[in-house]
Amino acid sequence: MSYQTIIFEKQGSVAIIKFNRPKALNAINPDVVAEMGDALDEIEKDGSLRVLILTGEGEKAFIAGADIAHMVNLSPLEARRFSVEGHDLGFRLENLPIPVIASVNGFALGGGTEMAMACDFIYASENARFGQPEINLGIIPGFGGTQRLSRLVGKGAAKELCLTGVIISAQEAKSIGLVNKVFPPDKLWEETLKTANLIASKGRVSVRAVKQCIDRGFDTDLRRGCQMEADAFGLCMASPDGKEGMRAFLEKRKPELEGELI
Ligand code: CAA
């Protein structure tokens, strides 16, 4: 498959999607949404991939938002559809069987912050900037910002960001819990890849179970979340990894985690 608005690469068991519209600071238009969908189809079919990284091509931006030149002419129904397509993309990232890391290398505004929040966690460079500036355009976040931001940073901080439209630094984003770690710009990629490879070295079944339990448990009550955890805990024991990991510990050797269910 050839892509125009994204670059899709594989480095060993790590898949990489780079948003590739640098002249428009990687703004998201319908082509980006469609090509992302195609790349996620490819990733889902490729059993050798263990982690996906999203990042932006160029020095300046991860994604500076949804493409305003596209949105300005949308009818209300077309705008609603664009929003739903953005939501679907976020849900696909969340439901992907492998973890997704956002490696934010510059502006992540509007749809950029929203795309990053749909990933499992965010690493950022010191020059990254986050925000939901849609209010300055007379609109609101449309790719899940009002929902995921409050779940990640709490209602007060989410309302402040969405109501003022202010752009915050990577350090501020870290201080409110939006970003996990901040690195110097020349270290971001190396550190993202290091973490991706560390996760890729774990068992596939338990990695998937962690992702699903935390995501699905977050939207339910504690008792049901713990029930999901108990089911997934049992499932991990049905994978050779569960036995191999614990045996290896007891035998004082490195585990060989294959990751498949028998
Ligand atoms: N859509 C379309 N084009 C965009 C864009 C966007 N979101 N962001 C930047 N660009 C384009 C600019 O129009 C400009 O194009 P030209 O060179 O053809 O004029 C190019 O990218 C470079 O941008 P700037 O010259 O503006 O660069 P800057 O360094 O002066 O400013 C910036 C950078 C602060 C990110 C500024 O570009 C900006 O404010 N961008 C818009 C940010 C924004 O409002 N994002 C939210 C969009 S709405 C949304 O995302 C809704 C949703 O939830 C689905």
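Checked across the range 115-136, the condition of being in contact (Cβ under 8 Å) with a residue 24 or more places away in the chain, open to solvent by 70 Å² or more (accessible area, probe 1.4 Å) and assigned to a strand (DSSP E or B) holds for at least one residue. Kindly evaluate Glu244 against the criterion of being open to solvent by less than 50 Å² (accessible area, probe 1.4 Å), modelled with pLDDT of 95 or more and either under 21 Å from Leu96 (Cα atoms) or not hydrophobic (A, V, I, L, M, F, W, C) (or both). It is false that Glu244 is open to solvent by less than 50 Å² (accessible area, probe 1.4 Å), modelled with pLDDT of 95 or more and either under 21 Å from Leu96 (Cα atoms) or not hydrophobic (A, V, I, L, M, F, W, C) (or both). If a residue must be closer than 22 Å to Ala170 by Cβ and either more than 10 Å from the ligand (Cβ to nearest atom) or hydroxyl-bearing (Ser, Thr, Tyr) (or both), how many such residues does the range 47-92 contain? Selection size over the range 47-92: 11. For residues that are out of contact with any helix residue (DSSP H, G or I) (no Cβ under 6 Å at 6 or more places or on another chain) and open to solvent by less than 10 Å² (accessible area, probe 1.4 Å), scanning just the range 11-26, find the one that is farthest from the ligand (Cβ to nearest atom). Here the residue is Ile16. Taking the criterion of being under 10 Å from the mean Cα position of the chain (by Cα), part of a helix (DSSP H, G or I) and more than 15 Å from the ligand (Cβ to nearest atom), the only residue of the range 94-114 that qualifies is Glu94.
Does any residue of the range 63-81 turn out to be touching a residue at least 24 places away in the same chain (Cβ under 8 Å) and within 24 Å of Thr195 (Cβ to Cβ)? Yes, the range 63-81 contains at least one residue that is touching a residue at least 24 places away in the same chain (Cβ under 8 Å) and within 24 Å of Thr195 (Cβ to Cβ). Across the range 149-184, the qualifying residues are those that are away from the ligand (no atom under 16 Å from the Cβ) and polar (S, T, N, Q), and the one among them that is nearest to Ala128 (Cα to Cα) is Gln171.
The values are calculated or read from the model by the stated rules, or taken from the named source; none is laboratory data. Small disclaimer: the values here were computed from a predicted structure and weren't measured. In this analysis, Cβ positions are derived from the backbone assuming ideal geometry, glycine residues included, and neighbour counts consider all displayed protein chains. Areas reflect the complete protein model, heavy atoms only, side chains present, ligands, DNA and RNA absent. Shrake-Rupley method; radii C 1.70, N 1.55, O 1.52, S 1.80 Å.
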